[in-house]
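Here the structure is laid out as structure tokens; the discussion comes afterwards.
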Amino acid sequence: MKLNAFTWIIVTLAVTAWVFILPLEAVATILVLQLVLLLYIKRSKTMLAAIGGLGVFTGMMILLQLLFGSPLDVSLFGGLRMLVMTLAFLCMLATTRIQSIAKALVDRFHLPVEYAFMLTAALRFVPNFLEDSTITLDAQSCRGYSNRGNAIKRLLSYVVVIRPLVMRAVAKSETLALSMELRGFGANTYKNMPKEPFTLVDFVVLAIVIVLSTYPFWKKLIGA
Amino acid sequence: MNSVVSVTDFYFKYLRSDLVLKNINLEIEKGSFTVIIGPSGAGKTTLCKAITGIVPYYTGGDYAGDIKVLGETTKGKKVSDLAMKVGLMLEDYESQLVSLTAGEEVAFSLLNHGFPPEEAEERTRKALEDVGLPGRESYQLDELSGGQRQRLALASLLAVHPEIIVLDEPVSAMDPDGGESLYKLLGKIREEYGTTFIVVEHRVEFVLPYATNLLAIKNGEVAAQGRCEDVIPRVYEDTDLRPLLPDLWQIKCNLEKKTAQKFALWKSEKEAVAELQAKGFGRGVRA
Ligand SMILES: Nc1ncnc2c1ncn2[C@@H]1O[C@H](COP(=O)(O)OP(=O)(O)O)[C@@H](O)[C@H]1O
Ligand SMILES: [Mg+2]
């Protein structure tokens, strides 16, 4: 079962809205579904680490709210909401290629192609950037850079690493821009990518989204 | 002569620079393999960019003169349309890759230019096969080694079937074996498709077997150009340019001067040894 990127975007947006309109039990159910989905897709160390990290982060947010004097139930529900929202994005990213998301954003949500391209380019250049930072760190270490001393001193001396790093990044982005120009990047880029058709599953999921999103309305109708 | 690139009285300066190219006149013959040599900062990269229309139409700057590619002036052409005829591989080929997977990378130009997806797919398959990466369409870029990424950059040029391919120091970041195998690949492509190659290369020993023409640039001016056998003696006379020649050709020139004989254009040490032995050099000296 593979959902279309458009469906995923809608589901993600819907979930972020639902956490505010649905009752606690429903939000908790979504959380369980999300965890099942994520572990079903990929039961790897990184996935567990990502979920664990989000869990810890949520715990900290709950503590913070308690410190500021919110009642326990409000803090817990607030934390749950945030966790469900972030997990919704994680679900989308874990199931859908970023290229498809970018294409859907351009095709259906009229995102300008430049912004859509930034999504993939960022992902493309992260490994490069990490590699650059080790190279620069090594190079500057040879010239006497060291990260000893107190925090202020370390921060100041880190400038010698940042500067060349930024310069390299700028040079690379100039090359990238030229390359995009050479290769005809523009309005056609997303238009001509292979189409990704909707399936029955997409329609079913979208229907469920509509029903759940109008939940307050149904409740009133049934209650009346 | 059937020339695919012709530059006439071309001058150029960047927005903030002195004249970088001066009085450039040159013709590139169809199907030739031209090697551009010259000291650092001589203007080699700028010349490559001029041939592909980036200079001056993308970078800005002042220019005079004209450049014709396949008989048409580069003036007023979109850089990306020109790139369908003249492929350019930039010095920093890593940053030239724009996609997340190998297949998308190769298909990128084709899809942007409105090729139907089926044809783009078929050309992608063929181009990856040609550069020795068959069936790697779905590979992520970071699953490929440095040398493989470079061949991927080449594949994305090949896929658009350009008549001319310009490469700016393509093997600068490679070990000798990698460099040798890349040039072997270029030689094969040239034989197969009749593509014209223009290559900036510091380590000329790599291109010995393939080079047909040589273009030496110094301080933004053409110092020498023509077929290798004609140009080498002139380049050898210029003490700035001499070290840029491969050792083998330096030896050849030196021997020619000392012995007043002519030798063939040696493409490998084996050829040199064979000719020298045939002409009686090294007799009595044990190999
Ligand atoms: N974008 C630019 N703006 C201003 N000057 C430049 C620019 N790019 C290159 N130059 C200058 O043009 C000259 C030739 O550069 P380049 O063509 O890169 O030489 P080469 O490739 O032979 O090393 C150099 O003096 C360089 O400083
Ligand atoms: Mg250069």
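Just so you know, all these numbers are worked out from the coordinates, no wet-lab data involved. Just so it is clear, the model here is predicted, and its values are computed rather than measured. Counting neighbours? That spans all protein chains shown, and the Cβs are built from the backbone with ideal geometry, glycine included.
Shielding of peptide B:107-114 by partners, expressed as the average count of other chain Cβ atoms within 10 Å per residue Cβ, is 6.
In units of 2.2 N^0.38 Å, what is the alpha-carbon radius of gyration of the range A:53-101? Each step should come with its number before you reach the end.
Values: Rg = 13.8 Å, N = 49, 2.2 N^0.38 = 9.7 Å.
For the range A:53-101, the normalised Cα radius of gyration is 1.43.
For B:E221, the residues whose modelled amide H falls within less than 5 Å of its own, excluding neighbours fewer than 5 places apart on the same chain, are B:K22.
Using the empirical formula 2.2 N^0.38 Å as the baseline, the Cα radius of gyration of chain B reaches a ratio of 1.07. Note on the protein assembly as shown: dipole from Cβ charges, positive end direction compared against B:W266, A:I9, A:L64; the farthest Cα belongs to A:L64.
Shape verdict for chain A, please, from the Cα gyration tensor: rounded (a/c under 1.5), prolate (a/b greater than b/c) or oblate. Please list the in-between numbers first.
Values: a/c = 2.68, a/b = 1.35, b/c = 1.98.
Oblate shape, in that a/c is at least 1.5 and b/c is the bigger or equal ratio.
Put a dot 7 Å past the Cα of B:K22, heading toward its Cβ, do the same for A:I162, and the two dots end up 4.3 nm apart.
Could you check which residue among B:Q225, B:Q250, B:Q261 shows the biggest mean-square fluctuation in a GNM of chain B with a 10 Å Cα cutoff? Judging by the Gaussian network model, the answer is B:Q261.
With +1 assigned to the C-beta of every Lys and Arg and -1 to the C-beta of every Asp and Glu, and no other charges, what is the dipole magnitude of the protein assembly as shown about the Cα centre in debye, to the nearest 20? Can you show the working numbers first?
Details: 55 positive and 54 negative charges, 194 e Å.
Rounded to the nearest 20 debye, it is 940 debye.
Across peptide A:188-195, the mean count of Cβ atoms from other chains lying within 10 Å of each residue's own Cβ comes to 5. Here the range B:125-257 is treated as a Stokes sphere of Kirkwood radius computed over C-alpha pairs; at 4 °C and 1.567 mPa s its diffusion coefficient rounds to 79 µm²/s. Quick one: among A:R168, A:R81, A:R97, which has the greatest mean-square fluctuation in a GNM of chain A with alpha-carbon springs under 10 angstrom? Its mean-square fluctuation being the largest, the pick is A:R168.
Loop-resident GluC sites (Glu not before Pro) (DSSP state other than H, G, I, E or B) in the range B:116-169 with no more than 11 further Cβ atoms inside 10 Å of their Cβ are absent.
The lysines whose alpha-carbon is closer than 21 Å to the alpha-carbon of B:K44, local same-chain residues fewer than 8 away aside, are A:K172, B:K13, B:K22, B:K30, B:K68, B:K75, B:K85, B:K218.
Given Cβ point charges of +1 (Lys, Arg) and -1 (Asp, Glu) and nothing else, what value in debye, to the nearest 20, does the dipole of chain A about its Cα centre take?
Working: 21 positive and 11 negative charges, 75 e Å.
Dipole about the Cα centre, nearest 20: 360 debye.
Pulled fully out, how much extra length does the chain show between A:E114 and A:I152, if you take 0.36 nm times their separation in residues and subtract their Cα-Cα distance?
On the way: separation 38, 0.36 × 38 = 13.68 nm, distance 3.84 nm.
Gain in length upon complete extension: 9.8 nm.
For chain A, set up a Gaussian network in which alpha carbons nearer than 10 Å are linked by springs, and say which option among A:L35, A:L72, A:L90 fluctuates the most. Looking only at A:L35, A:L72, A:L90, the biggest GNM fluctuation is shown by A:L72. Both radii are taken from the alpha-carbon atoms of the range A:56-165; with Rh as the Kirkwood radius, Rg/Rh is 1.16. Mean silhouette area of the range A:1-107, derived from the convex hull of its C-alpha atoms and averaged over all directions, reads 7.4 nm². With a Förster radius of 30 Å applied to the beta-carbon distance between B:K267 and B:S3, the computed FRET efficiency rounds to 0.75.
Counting other Cβ atoms within 10 Å, keep those with at most 16, restrict to DSSP loop, and tell me which trypsin sites (Lys or Arg not before Pro) in the range B:1-46 are left.
Values: sites: B:K13, B:R16, B:K22, B:K30, B:K44; in loops: B:R16, B:K30.
Passing sites in the range B:1-46 are B:R16, B:K30.
How shielded is B:95-104 by partner chains, expressed as the average number of their Cβ atoms within 10 Å of its Cβ atoms? Can you show the working numbers first?
Values: counts 14, 8, 6, 13, 5, 7, 3, 0, 0, 4.
If you average over the peptide's residues, the count of other-chain Cβ atoms is 6.
Across the range B:172-287, Cα pairs under 8 Å and at least six residues apart give a relative contact order of 17 percent.
Between A:L64 and A:V201, what length in nm is gained on full extension when 0.36 nm per residue of separation is reduced by their alpha carbon distance? Working shown, then result.
Numbers: separation 137, 0.36 × 137 = 49.32 nm, distance 4.06 nm.
My answer for the length gained is 45.3 nm.
Taking a label point 7 Å from the Cα of A:A17 along the Cα→Cβ vector, which residues of the range A:194-212 have an amide N closer than 19 Å to it? Residues A:202-212 fall inside that zone. Using only Cα coordinates, the Kirkwood hydrodynamic radius of the protein assembly as shown works out to 27.3 Å. Summed over all non-identical Cα pairs, the Kirkwood treatment of the range A:1-46 gives a radius of 11.9 Å. Quick one: pull the percentage of alpha-carbon pairs in the range B:1-126 with a separation above 22 Å. Above the 22 Å cut-off, the range B:1-126 has 44 percent of its Cα pairs.
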